[in-house]
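Novice: Below is a structure I'd like to ask you about.
The values are calculated or read from the model by the stated rules, or taken from the named source; none is laboratory data. None of the values given here were measured: they were computed from a predicted structure. Methodologically, a virtual Cβ is constructed for each residue, glycine included, from the backbone with ideal geometry; neighbour enumeration extends over all protein chains shown. Heads up: the accessible areas ignore ligands, DNA and RNA and are worked out on the full protein's heavy atoms, side chains in. Shrake-Rupley method; radii C 1.70, N 1.55, O 1.52, S 1.80 Å.
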Amino acid sequence: MASKIIKMMRFLFSVLRQVMAEIFISERRINMMFAELNVSMSEKSAASSVREGKEIYKGVLISFATTMLITGVGVTFKSRGLYKQNKAMQTSLNSVNNNGKHSNGLKLTQHQTGESAKGHRLLSADGQPVAPVNTPPSARQAQHQLQQ
């Protein structure tokens, strides 16, 4: 009877060893599957990051191009305005320079004739000297009277 119990115990231990071996093998397989899943998730995450990076890069390029286009249009309008302003200034300055040349000519003539600018006299059409009068014209006097 003791031998039957020992045989039975040996049989149970051998079954227990086989079960334990299968459990260890199954655990290793499960760990290997988890490792493969982790690798797959990492690869997909990296691919997603690369895709997002490409999209961000496209967005930055489009934004840069749009900004440069808007800046170029603004510079074009500004330079056009400055060109027109410069032309207007040159036209205005030409007339001012011409007036300056004429005034220099008058100064030269006064200097050559010996007359001073303060010494000029007003002459009438018949050549008689005319004294300036400080009285306003009659229309102004009438307007002044109406205002009072």
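Novice: Solvent-accessible area of Y83, probe 1.4 Å, all protein chains present, reported in Å² to the nearest ten, please.
Specialist: 140
Novice: Test of understanding: what is the full-extension gain from S40 to K84, defined as 0.36 nm times their sequence separation minus their Cα-Cα distance? List each step's numbers first, then the result.
Specialist: Working: separation 44, 0.36 × 44 = 15.84 nm, distance 6.60 nm.
Difference between extended and current length: 9.2 nm.
Novice: Right, here's the next one. So, in nm, how far is label M8 from label S49 when the simple model puts each one 7 Å beyond its Cα toward the Cβ?
Specialist: It is 6.2 nm.
Novice: What nm distance separates the two modelled labels at Q147 and A21, each placed 7 Å from Cα along Cα→Cβ?
Specialist: If labels sit at Q147 and A21, their model points lie 12.6 nm apart.
Novice: What does the convex hull of the alpha-carbon atoms of the range 1-57 project to on average, in nm²? Write out the running numbers ahead of the final one.
Specialist: Values: hull surface 13.8 nm².
So the mean shadow area of the Cα hull is 3.5 nm².
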